[in-house]
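Only the coordinates and a few stated rules stand behind these numbers; no lab work does. Predicted model only: the values in this text are computed from it and were never measured. Cβ: placed from backbone, ideal geometry, glycine included. Neighbour counts: every protein chain shown.
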Amino acid sequence: MAIEQTLSIIKPDAVRDNNIGNILAIFEKSGLVVKGMKMLQLTQEQAQEFYAVHQERPFYNSLVAFMISGPVVVSILEGENAVLHHRDVMGATNPEDAAEGTIRQLYGANIDNNAVHGSDSLENAKIECDFFFAE
Ligand code: CMP
């Protein structure tokens, strides 16, 4: 297995609910290493660009509105097979389907307010890490 990097976003709902530390602890206990991190407020333009792949989907506008509703915490996580490993730790996109002990099962309320985002492929991980950490 290879060492990979992936992008994590702790979304506005989890930040509002004071779950930043709880979520980072799960990442770290699972073996992922935080290589970069910042808290920021996305602009509408940034959120639209970041989620442009979903722009034809019916949930796009509400997704963008949610992602700019408060600050987020973006991190680069590194580890063995990090992209898939991080997705396992997050759980299914819809918290109702997420396995016991996963972040979305513990801290997500519904598919729109699902606490975290993670890159879905190694190719997108590179694009998403560069999006926030180009420097
Ligand atoms: P995320 O991993 O951030 O990627 C896109 C987000 O859109 C997803 O998490 C969900 O929060 C949100 N979303 C809302 N409805 C859907 C849907 N039907 N399918 C996938 N994602 C959805």
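Listing for the model above:
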{"item": "Top of PHE59, PHE50, PHE27 by mean-square fluctuation, Gaussian network on the chain, Cα under 10 Å", "result": "PHE59"}
{"item": "Distance cut-off 20 Å, percentage of C-alpha pairs in region 1-75 lying past it", "result": "39"}
{"item": "Size of charge dipole - the chain - debye, nearest 20, with Cβ of Lys, Arg +1 and Asp, Glu -1, no other charges", "result": "300"}
{"item": "Length gained when the stretch MET1-ASP17 is fully extended (0.36 nm per residue, less Cα-Cα span)", "result": "2.2 nm"}
{"item": "Computed lengthening from PHE131 to LYS35, 0.36 nm per intervening residue step minus Cα-Cα distance", "result": "33.0 nm"}
{"item": "Residue-by-residue Karplus 3J(HN,Hα) for region 106-111, coefficients 6.51, -1.76, 1.60, Hz, glycine and proline x", "result": "6, 10, x, 9, 6, 5"}
{"item": "For the chain, fraction of C-alpha pairs farther apart than 25 Å, in %", "result": "17"}
